[in-house]
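Taking it in order: structure first as structure tokens, then the write-up.
The values are calculated or read from the model by the stated rules, or taken from the named source; none is laboratory data. The structure displayed is predicted, hence computed values, not measured ones. Don't worry about glycine lacking a Cβ; one is built from the backbone with ideal geometry, like all the others, and counts go over all protein chains shown. Heavy atoms of the whole protein, side chains included, go into the accessibility calculation; ligands, DNA and RNA do not. Shrake-Rupley method; radii C 1.70, N 1.55, O 1.52, S 1.80 Å.
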Amino acid sequence: NVTKIVVGKPTHPRWRDKLYGSVLDQLVRGSGDVDVYVITGDVEGETAQPRPQAGRAAPAREYVGAALVAGLATLVSFPVFRFLSLTDVAMVFLLGVAIVASRYGRGPTILASFLSIALFDFFFVPPRFTFAVSDVGYALTFVVMLAIALLISGLTLRIRAQAETARERERHTSALYAMSREFAGARTERDVIGAAEKHWADTFQAAVTLLLPDAEGRLRPTRAQVALAEKERSVAEWVHRNGKPAGVGTDTLPAAAAFYFPLVTSARRIGVMSLSGDVRCFEDSAQRRLLEAFAGQTALALERAQLSGQAERAKIEIEAERLRTSLLSSLSHDLRTPLGAITGAATTLLEQSAALAPAARKDLLETILGESRRMNRLIANLLDMVRLESGALEVQREWQPLEEPVAGALMRLADVLKDRRVEVHLPPDLPLVPVDAVLMEQVFVNLLENAAKHTPAGTPIDVTAAARDGEVLVEVADRGPGIPPGEEERIFAKFYRLPASEGASGVGLGLAIVRGIITAHGGRMWVEQRPGGGAAFRFTLPIGGGPPEPVPAADEAAEGRD
């Protein structure tokens, strides 16, 4: 029941058909009523070694060089012919043929062989200066010379082809290594895209465009300046869906203007690489394998960068959720406590006002006032942190003495520090500093309140400052338990409180706000263990070039002119 036979087109030399017969010819002759279709075979999987020298046409200068080598062998042998045997002279001509075979192709080598035989016969074989051969044995010599020349030529060409193949593999390996090394150092998807397009273009000598799916799944060029026609986009979409190459130079959608190759990993399809230009090189099996290796490396690097970005976004979301949880937990405790005290004191005043003694009424009013101030500081800290996080914090620097924000902070914390001794040591020659007075006062409020909150009652607090090397160093130190080793940096994190102070009020924002304000002023903030016990919070404020010279008033300027 056979009706059709499909057979591949012969690719072997014609002389093999003369010796062994042709399978195709036998099929055609014996097919009878069966149709025989002869098609071109699939050469994509062929692994034949390239033969760059054997397959190319030798230029004219190589034939001229081969003739010159044969002539040179004659000139070298002719003066010393009387001292040599014919065998020695033949060896000189064979040496010339070997030199031609090592440098040129098969055609020039054959020319050198025949020229050498002709010159050897004409000048050296009796009768000399004729092409006649008196001894039939010389004919065997000529045949051996030609066979040796062809053998040397074939071996030399094979070695040269293998060397060219090795060099090509080395170039491919170097290109893959360079791209892999750059992918290893790429941190973001944008870095991977830039490295991929650069190496693809340099290696394949083509205009390269990477297409990745957008949020809707449509392929988009990674470079905004590249416009893709709808026809080309449809070809790229087909390649992305099917995971097979298409476009110019292939049997699939060959009318496209570019060659499209899919970027696929074991898990999913990443995108498509478009190459415009001379894509005939991809018909070579070695170039196709290199292209597949490049595509695999690029797809893996893009997948790694995308997964890394997703992990980073997940980490940010987890951190944001943790911060929200900490904020809600802190607010539920630290806001309800002062609100409960205010509500209880106000209720007592309303319900038992007539029965209360003046001293009790005063205590209740002071409780309401103190808890209200505490709530105000808590809300102020929350608002300051929001301004810091959003970048809306504006520093209004003015030249002023450091005593003013320190004094303002002490006045605001009079109720908190009433049972403590705060010693302020500011040198009389301390220079003016360019700071935002409101923000700097908040810095001292947070540091002093933090010291009062986390140290035993009655312990002193010291505030000192000193000028050094274009900046002012400020220190707020206490005599409390100090900072546990390893926690020196963590205490400046948002919503972080030391394990030993979990019972203390506060949401853990004070020190984070202080560092943010100092950083906005161009300074540095850190904490150290204080000799003798306690913690010393230190920060620097840059002075710059010093305060501007005062401008004289208008009346003083007029008096100066008089």
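Some observations on this one:
- Matching residues in segment 395-428 - criterion: being free of Cβ contacts under 8 Å to residues at least 24 places away in the same chain and either over 17 Å from A451 (Cβ atoms) or surrounded by 12 or more Cβ atoms within 10 Å (Cβ to Cβ) (or both): E403, A407, P428
- Among the residues of segment 410-434, those identified as touching a helix residue (DSSP H, G or I) at 6+ places or on another chain (Cβ under 9 Å) and modelled with pLDDT of 90 or more are L410, V422, V424, L426, L430, V433.
- In segment 431-474, residue least open to solvent (accessible area, probe 1.4 Å) [restricted to those that are in contact with a Pro (Cβ under 7 Å, 6 or more places away or on another chain) and in a loop (DSSP other than H, G, I, E, B)]: G470
- Pairs linking a residue in segment 19-37 that is of a type in the set (G, A, S) to a residue that is surrounded by 10 or more Cβ atoms within 10 Å (Cβ to Cβ), with Cβ atoms under 8 Å and 6 or more positions apart or on different chains, are S22/P10; S31/I5.
Okay, residues lined up against (1) open to solvent by 60 Å² or more (accessible area, probe 1.4 Å); (2) modelled with pLDDT of 80 or more; (3) not in a helix (DSSP H, G or I):
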{"residue": "D121", "(1), (2), (3)": "no, yes, no"}
{"residue": "F129", "(1), (2), (3)": "yes, yes, yes"}
{"residue": "R158", "(1), (2), (3)": "yes, yes, no"}
{"residue": "E164", "(1), (2), (3)": "no, yes, no"}
{"residue": "H172", "(1), (2), (3)": "no, yes, no"}
{"residue": "R181", "(1), (2), (3)": "yes, yes, no"}
{"residue": "A184", "(1), (2), (3)": "yes, yes, no"}
{"residue": "R187", "(1), (2), (3)": "yes, yes, yes"}
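- Subset of segment 153-165 [within 26 Å of L119 (Cβ to Cβ) and within 42 Å of the chain's Cα centre (by Cα)]: none
- Condition check for E312: farther than 30 Å from K494 by Cα, open to solvent by 30 Å² or more (accessible area, probe 1.4 Å) and at pLDDT below 90: no
- Condition met for L150 (more than 53 Å from the chain's Cα centre (by Cα), at pLDDT below 80 and within 20 Å of I99 (Cβ to Cβ)): yes
- Test: residue in segment 538-558 that is modelled with pLDDT of 90 or more, of a type outside the set (D, E), in a loop (DSSP other than H, G, I, E, B) and within 23 Å of L426 (Cβ to Cβ): no
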